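Chemist: Dumping the structure here so I can ask a few things about it.
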Amino acid sequence: MRYFIGIWIFLIIAVVSLLGFRGSKSKDQPLYVFPDMDWQAKYLPQGENKFFADGRNDRPMVPGTAGRGYGNQLASVFSADYTDPVSENPPLYSGKDDEGEWMRGFPVEVNDEFMLLGQQKYDIFCAVCHGASGDGNGVVKQYEGATLIASLLQERLMAMPEGEIFNTITHGKLNMGAYGMKLRPDERWAVVAYVRALQLASSASVDDVPEQFKSELGL
Amino acid sequence: MANIFPKWTNIAPLKVAACLLLFVGTVVLGITYYATPKWTEVGFQPIQPVAFSHALHVDQLGLDCRYCHTYVDRSEHSNVPAASTCMNCHSMVLSSDDRLAPVRESYESGEPVPWVRIHNTPDYVYFNHSVHVNRGVSCVECHGQINEMEEVYQAKSLSMAFCLECHRNPENFIRPPDEVYNLDWQPESAAAQIEQGEKFVHDWKVMPPQSCSGCHR
């Protein structure tokens, strides 16, 4: 009995010191005791794949081809009466009007909901650099190297056609990266609308505030 | 006649039984403690190719999760960002820093940065990010306080019991949709959480699946 208790205590101490406690940090891959069907030979997003030379599942678009919708629209993309959405409203995607000039105005209806969408996306994707009010003093500005960040409230940008601002978001410009992959076309137009609102607000006076909001602002 | 069995044999069976009980009990305890994702997976913190800090980028700079994990609210997969996302800023900030060399290489060559994957459910589990984050389930419920982590580690077990605990009582966890990406948000009180949670569950007709085919196909 005495021996047993001794061995028992020794084993517990040995196991606990070898295996540690729950939640302790570890650099090693987790242990899968019965990896039955845990890892299957199927293609998952952003997965690794030895078959392709670049080692990834996600295939880039083949050069010289045109995309026809996305995977999540499979049913409609392959139906007979599928029309390419770009052909229905070209300015929505290119930012250019019929004559090939940068579009002025918006190819979609601008309403309250649209502005709120623009505000949400602006706060996520633009405010870090251009600042919440568009003055170009976002958090990143204070770091070395980021002094190039432009104010969106300059005269030049106020006069710039909406389509050209849309194009700047889609493809980037000079030191600014492209946001076309991150925002859908309608979201990009919503951001343009919100930028216009910020520009308007920067040069507005007290008289421009609608009566019903004045008391709220203490005016 | 001498005794065939010495006196100690009287309690020997008892002792053997006690030892066996102790032994089996300890083994069972050990297995319940160790043979679960709470031990095997929680705390996994691999060495990443770039020492990217969520604490710096999220807490200090105030970046929203969706700036980088852009598709988390649109698809089942929450993407890890491409090098071009980092280069939006790092073409200007720390533009020649050694720590960011792999990112610049990837940006020029198009080869991915070899980030080590941390959270990974088995392939027979069909998890979907967008249904959760668009229904007021915050990242913090499943990933812990990412915004305070210098290096990401797995904070929750992501086991089947973990998923079901919430799927059975979603009202304990659902928060207002505009607070989903604010990992520091706290309900005013436990009672307030249940009250508003029940309201959301009712208004949005939230019905998380508890049947096997909901998560396994």
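The values are calculated or read from the model by the stated rules, or taken from the named source; none is laboratory data. Model, not experiment: these values are computed from the prediction. We place every Cβ from the backbone using ideal geometry, glycine too, and count neighbours over all the protein chains shown. For accessibility, only protein heavy atoms count, side chains too; no ligands or nucleic acids. Shrake-Rupley method; radii C 1.70, N 1.55, O 1.52, S 1.80 Å.
Chemist: Tell me, which helices (runs of 4 or more DSSP H) wholly within region A:129-219 include 2 or more residues that are modelled with pLDDT of 90 or more and under 23 Å from A:SER94 (Cβ atoms)?
Modeler: Qualifying helices (runs of 4 or more DSSP H): A:155-159, A:162-171, A:185-202.
Chemist: Which one of these is among the charged types (D, E, K, R) and over 18 Å from A:ASP186 (Cβ atoms): A:GLU109, A:GLU48?
Modeler: A:GLU48
Chemist: Can you tell which of B:CYS89, B:CYS68 is buried (at least 18 other Cβ atoms within 10 Å of the Cβ), closer than 28 Å to A:THR147 by Cβ and more than 7 Å from chain A (Cβ to nearest Cβ)?
Modeler: B:CYS68
Chemist: Right, here's the next one. Give me the pairs: first residue in region A:83-95 and free of Cβ contacts under 8 Å to residues at least 60 places away in the same chain, second residue open to solvent by less than 50 Å² (accessible area, probe 1.4 Å), beta-carbon distance under 6 Å, and six or more apart or on different chains, which are they?
Modeler: Listed pairs, sorted by first residue: A:ASN89/A:PRO107.
Chemist: With in contact (Cβ under 8 Å) with a residue 24 or more places away in the chain and open to solvent by 70 Å² or more (accessible area, probe 1.4 Å) as the only criterion, which of A:ARG104, A:ARG59, A:ARG68 stands out?
Modeler: Every option except A:ARG104 fails the conditions.
Chemist: Does at least one position in region A:111-126 carry a residue that is open to solvent by 30 Å² or more (accessible area, probe 1.4 Å) and either in contact with a Leu (Cβ under 8 Å, 6 or more places away or on another chain) or in a loop (DSSP other than H, G, I, E, B) (or both)?
Modeler: yes
Chemist: Take A:ALA178 and tell me if it is closer than 22 Å to A:VAL86 by Cβ and either out of contact with any strand residue (DSSP E or B) (no Cβ under 7 Å at 6 or more places or on another chain) or open to solvent by 20 Å² or more (accessible area, probe 1.4 Å) (or both).
Modeler: Here the answer is yes, as A:ALA178 does meet what is asked.
Chemist: Now a separate question. Quick check on this structure: which one of B:GLU105, B:GLU111 is open to solvent by 40 Å² or more (accessible area, probe 1.4 Å), acidic (Asp, Glu) and facing another protein chain (nearest Cβ under 8 Å)?
Modeler: It is B:GLU111.
Chemist: In addition: Let me spell it out: the conditions are (1) without any contact (Cβ under 8 Å) to a residue 40 or more places away in the chain; (2) assigned to a loop (DSSP other than H, G, I, E, B); (3) more than 7 Å from chain A (Cβ to nearest Cβ), and B:ILE31 meets all of them except one. Which number is the exception?
Modeler: So B:ILE31 meets the others, but not (2).
Yes/no matrix, rows are residues, columns are (1) part of a loop (DSSP other than H, G, I, E, B); (2) aromatic (Phe, Trp, Tyr):
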{"site": "A:PHE4", "(1), (2)": "no, yes"}
{"site": "A:TRP8", "(1), (2)": "no, yes"}
{"site": "A:LEU11", "(1), (2)": "no, no"}
{"site": "A:VAL15", "(1), (2)": "no, no"}
{"site": "A:LEU18", "(1), (2)": "no, no"}
{"site": "A:PHE21", "(1), (2)": "yes, yes"}
{"site": "A:SER24", "(1), (2)": "yes, no"}
{"site": "A:PHE34", "(1), (2)": "yes, yes"}
{"site": "A:ASP38", "(1), (2)": "yes, no"}
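Chemist: Before we move on, is B:ILE118 modelled with pLDDT of 90 or more, of a type in the set (Val, Ile, Thr), out of contact with any Asp or Glu (no Cβ under 7 Å at 6 or more places or on another chain) and open to solvent by 50 Å² or more (accessible area, probe 1.4 Å)?
Modeler: no
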